[in-house]
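Read the structure below first, then the notes.
The values are calculated or read from the model by the stated rules, or taken from the named source; none is laboratory data. Given the structure is predicted, the values throughout are model-derived calculations rather than measurements. Positions of Cβ are backbone-derived with ideal geometry, glycine not excepted, and every protein chain shown enters the neighbour counts. With ligands, DNA and RNA removed, areas are computed over all heavy atoms of the protein, side chains included. Shrake-Rupley method; radii C 1.70, N 1.55, O 1.52, S 1.80 Å.
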Amino acid sequence: MRHRLTRIREFLGQVRHFKPDIKLFLIYNLFSNAGIGAFLLIYNLYLVENGFTESFIGVYNATTTTALAIVAMLMGPLIGRFGGWRCITYGTMVFVVSSAMLALLGSAAPILMVSIIAGAGTAFLITPIMPFILEWERPEYRGIAAAFAFSINSLSLTLGSFIGGWSPRLFATILDIEIQSVVSYRLALLLGLAVAAAGLIPMYRMVESREHGGEEEGTFAAIPELPPTRQEVRRDIMVFAGATGILALGIGSVMPFYNVYLNSLGARPSWIGMIFAMAGIVAAIFGLLVPMLSRRYGELNTLLWVRLAPVPVFLLMIALPHLAIAAVAHVARTATTSMSWPLDSSVMGTVLPPRARANGFSIRSGLWNLGYAIASLAAGVVIVAWGYAPTFFAFALFSATSTVLFLLHFRRHPRLTQPPR
């Protein structure tokens, strides 16, 4: 036990070896994702309070994520041209301003139009995370930095869940209004976006990535400049991105509506915030275990069990739609997702040559959001007609399919070795 604690302390202590811009980037992730978490928790409830049903929520999410997917597909060349710092910084500004507009709107057409801009802005926050770490951190610390980044994302989403879950109650008390009202939800959304905007401060304190990012001849060049093995590289990227897109079909069938589902089971916004916060805490803790697990069992073996772990709980909810089971399912899904992203990202960081990484991750992000958009659009209609059970089955099916596809392709990849340690 003492030996394990020593190894954990040594692992956590490696943060001090990160480059200064990576440390600032982790702080940025803390604030930006807290704001995103608060917004995501409340906005669907805000739409419901404005009289919209799950079918419109599905259209809204499909519109947002389609815009995100299209822009994400272009992120490889954009990162190569302008650098990760500019893409992340200016994208955050676009996200905050457009999301603030969404929090002030109550009509369908304007919401959908602005959601396109918000989705495009979100692409600049999410897609460059791994390319930024791969570009600016030293190779020996990249895997650990990635694990910390995704764990901090989970912690920040936890903070956002607390903000989104409890701020409506705070504003209701101060202003003497209903907790579940348009005004209390609107103020909660704006508070969350203010937190996200605070993430720009550490971004502006960066030096190296701000002054030297974006050269075309840098780490991230286009795929046509790859070595003669570019056909194999393209195939690796397509499997990587395709498996992610299939996974998104399952998660997109469930997650855009999950706060509404919890609300239908009797959970108030504060309870929903607590459930989402608990999920973030568990995800952050387990996310830090990924480097140790992957060293012991291999990245692909760890990924297999992590991706499949929440499937039985979602299948159980089909027969037993209970709030406690739904809470466990959300915690399991959030934690395993936080663990799986650094795992498959590390695999691709090993498999892909440096010049292909930005394009690989941008295509992955694009197909993820495209799959999420398609699933949320279809799921909204399905939920209104038949309830939530079919979406839970879709989650289980697509999670298993995605995992099998990824493992079958990369299990015997010549650049990967998976001996347990």
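Summary table
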| quantity | calculated |
| --- | --- |
| Simple label model, 7 Å out from Cα along Cβ direction - Val182 to Ala385, nm | 3.1 |
| 5 Å-binned pair-distance histogram of the stretch 143-186 (Cα, whole percent) | 6, 23, 18, 13, 10, 10, 8, 7, 4, 1 |
| With Cα atoms, 0 to 90° folded angle of helix 269-287 axis to the chain main axis | 10 |
| Three principal axis lengths of the stretch 276-395 [C-alpha, angstrom, descending] | 47, 30, 24 |
| Surface accessible to a 1.4 Å probe, per residue, for the residues of the stretch 354-404, Å² | 36 |
| Surface accessible to a 1.4 Å probe, Met101 within the full protein complex, Å² | 90 |
| Signed unit charges on C-beta, dipole axis of the chain, positive-most listed residue Trp305, Ile27, Ile117 | Trp305 |
| Amide hydrogen neighbours beyond the local backbone of Ile179, cut-off 5 Å, H modeled | none |
| Net dipole in debye of the chain [+1 Lys, Arg Cβ; -1 Asp, Glu Cβ; about Cα centre; nearest 20] | 1220 |
| Gyration tensor (Cα) of the stretch 97-197, equivalent ellipsoid semi-axes in angstrom | 33, 19, 8 |
| Per residue accessible area in Å² of the stretch 36-132, where ligands, DNA and RNA are left out and the probe is 1.4 Å | 33 |
| Length added when fully stretched, Arg205-His413, from 0.36 nm per residue minus Cα-Cα | 70.8 nm |
| Pairwise FRET efficiency - Val15 versus Tyr90, Cβ, R0 = 25 Å, nearest 0.05 | 0.35 |
| Folded to 0 to 90 degrees: helix 2-13 orientation relative to the chain principal axis, Cα | 90 |
| Expected-Rg normalisation [2.2 N^0.38 Å, Cα atoms] applied to the chain | 0.94 |
| Note, ³J(HN,Hα) from phi for the stretch 90-106, Karplus 6.51, -1.76, 1.60, rounded to Hz, x at Gly and Pro | 6, x, 4, 4, 4, 4, 5, 5, 5, 5, 4, 5, 4, 6, 9, 9, x |
| Two-site label geometry, Leu308 and Gln231: point separation in nm, points 7 Å out along Cα→Cβ | 3.4 |
| In degrees, nearest ten, helix 354-386 long axis to first principal axis of the chain (Cα) | 30 |
| ³J(HN,Hα), Karplus 6.51/-1.76/1.60, whole Hz, each residue of the stretch 76-89, x for Gly, Pro | x, x, 5, 5, x, 7, 9, x, x, 4, 5, 4, 5, 5 |
| Label-point separation in nm, Lys23 to Leu289, each point 7 Å along Cα→Cβ | 2.9 |
